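Every read-out reported here was derived from the displayed coordinates using simple, explicitly stated rules and does not represent laboratory data. Remember, it's a predicted structure, so these values are computed and weren't measured experimentally. Positions of Cβ are backbone-derived with ideal geometry, glycine not excepted, and every protein chain shown enters the neighbour counts.
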Amino acid sequence: MTIDDFLKQDSEWLRGTGPSSNIVLSSRTRLARNLDKIPFSNWANRKQLEDILISAKDAVQGSNFLKDSMFIRLKDVSEVDRLFLVERHLMSPEHAKDVEYKALIVDPREIVSIMVNEEDHLRIQVMQSGLNMRESWRIIDEIDTDLSKKLPFAYSAKWGYLTACPTNTGTGLRGSVMIHLPALVFAGQISKVLEAIAKLGLNIRGLYGEGTEAIGNIFQISNQVSMGMSEEDIIDNIERIVNQIISREDATRKAILTKNREALIDRISRAYGTLKSAHIITSNETVALLSAIRLGVDLGVVKNLDRRMVNELFILTQPAHLQKLEGKVLNANERDIKRADLIRERLKVS
């Protein structure tokens, strides 16, 4: 399998299935792990970083869960390929920088990926479509147990798993949910909701995680710390709060359909019309318009599209995906033209 083969399939978060998938795009669990007696990635020397890469590759090849995975040495792939992997949520934007001693391990279905030598030696993540935190945790727990038999993880009886960032120390678990909240934004309620989430001890980030903005009314909600709670407690807490947000978003959608139906339909129709007719369009504008279309699909206002197709357009219209589809590097203006062409073609078929 090659990186190009990912273009032929949907990422796990694009499937549009699973519990509450009309509002929750995906659930992710991530474990931070470091090898014992080796400095964290930012302090390790070149030989130590290279040794970590070799150890990770050997452990994965000997794993029952990951033996068919790709091992991608990031220095050996193009900048476009690295951005492509970020856009598919297989690795962080930070991992795409300073790539000499970094790697990415990805299973063929894009459910499991492992960043090697990011902030921690290993960052293992598992994605599931919809609100499916428990299944994501079940999978990653089995993988963690399997890898721990082959790799000596840094662990303290007092502090738990030792990590480069203190907020990850303890379980090393970061759970997150990618959630679409257009009705709360439309109704002007999103600020209060986000403030309440923060007070409950959760982080709110943008589409690609830490340091990115929330575009297209898509937010990532995750736990702030992993110490002092069990993994199950962290998962339970996230699910409990996310279910409250889902109920709020769902109620707001119903209220808007009742009280502001024409204004909502007008916004969705304008978005649909723009996407069907535009000949040049930016990435951010596309995501914002697709957000409105996705809401229209979920509410039954847009009847000739399905959620999976809209989700697919979210990712295919991103810069690296456009360049991969075209088979060459495109400048910003060329991407804006190609993006509009792709959208018109897809919507014409629908």
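Each residue, residue 262 and residue 192, gets one label point 7 Å from its Cα in the Cβ direction; the gap between the two is 2.6 nm.
Once the chain from residue 159 to residue 2 is taken as fully extended at 0.36 nm per residue, the excess over their C-alpha distance is 52.5 nm.
In summary, the lysines within cross-link reach of residue 259, defined as a Cα separation below 25 angstrom excluding same-chain residues under 8 places away, comprise 192, 303.
Residues whose amide H lies under 5 Å from that of residue 25, counting only those 5 or more places away or on a different chain, are 178, 179, 180; hydrogens are built 1.01 Å from N in the peptide plane. Under the combined filter of DSSP loop state and at most 10 neighbouring Cβ atoms within 10 Å, region 42-72 retains these chymotrypsin sites (Phe, Trp or Tyr not before Pro): 43.
Cα axis of helix 133-148 to longest principal axis of the chain: angle in degrees, 0 to 90, nearest 10? On a 0 to 90 degree scale, this one is about 20. Computed packing ranks the peptides 261-268, 112-119 as 112-119, 261-268, most packed first, by mean other Cβ atoms within 10 Å.
Put a dot 7 Å past the Cα of residue 288, heading toward its Cβ, do the same for residue 255, and the two dots end up 2.4 nm apart. Taking the charge dipole of the chain about its Cα centre, with +1 at Lys and Arg Cβ atoms and -1 at Asp and Glu Cβ atoms, the residue from 52, 187, 128 reaching farthest to the positive side is 187. Roughly how tilted is helix 332-349, in degrees to the nearest 10 and between 0 and 90, from the longest Cα axis of the chain? Relative to the chain, helix 332-349 is tipped by roughly 60 degrees. Taking every alpha-carbon pair under 8 Å whose residues sit at least 6 apart, region 136-233 reaches a relative contact order of 30 percent.
Placing unit charges on the Cβ atoms only, positive for Lys and Arg and negative for Asp and Glu, gives region 3-253 a dipole magnitude near 320 debye about its Cα centre. Straight-line cross-link partners of residue 37 among the lysines, defined as a Cα under 29 Å from its Cα and at least 8 positions apart when in the same chain: 47, 57, 67, 75, 97, 102, 149, 150, 158. The phi-based Karplus calculation (6.51 cos²θ - 1.76 cosθ + 1.60; θ = phi - 60°) puts the 3J(HN,Hα) values of region 37-43 at 6, 10, x, 4, 3, 5, 10 Hz, whole numbers, x for Gly and Pro. Sorting 285-292, 151-158 by their mean Cβ neighbour count within 10 Å, with the most densely packed peptide first, gives 285-292, 151-158.
Between the Cα long axis of helix 231-259 and the first principal axis of the chain there is an angle of about 10°, rounded to the nearest 10. Gain on full extension, evaluated as 0.36 nm per residue between residue 141 and residue 65 minus their Cα-Cα distance, stands at 26.2 nm. Projecting label points 7 angstrom from Cα along Cα→Cβ for residue 57 and residue 94 puts them 2.5 nm apart. Karplus-derived 3J(HN,Hα) values for region 160-165, using 6.51 cos²θ - 1.76 cosθ + 1.60 with θ = phi - 60°, are x, 5, 8, 9, 5, 9 Hz; glycine and proline are entered as x. Backbone geometry of region 185-201 corresponds, through the Karplus equation with coefficients 6.51, -1.76 and 1.60 at θ = phi - 60°, to 3J(HN,Hα) couplings of 5, 4, 7, x, 9, 5, 4, 5, 5, 5, 5, 5, 4, 4, 5, 8, x Hz, x marking Gly and Pro. Taking trypsin sites (Lys or Arg not before Pro) across region 78-109, the ones in a DSSP loop with at most 14 further Cβ atoms lying within 10 angstrom of their Cβ are 97, 109.
Across region 70-112, the residues whose backbone nitrogen lies under 15 Å from the label position 7 Å along the beta-carbon direction of residue 334 are 79-81.
Checking every one of the GluC sites (Glu not before Pro) in region 1-100 against DSSP loop status and a limit of 13 other Cβ atoms within 10 Å picks out 100.
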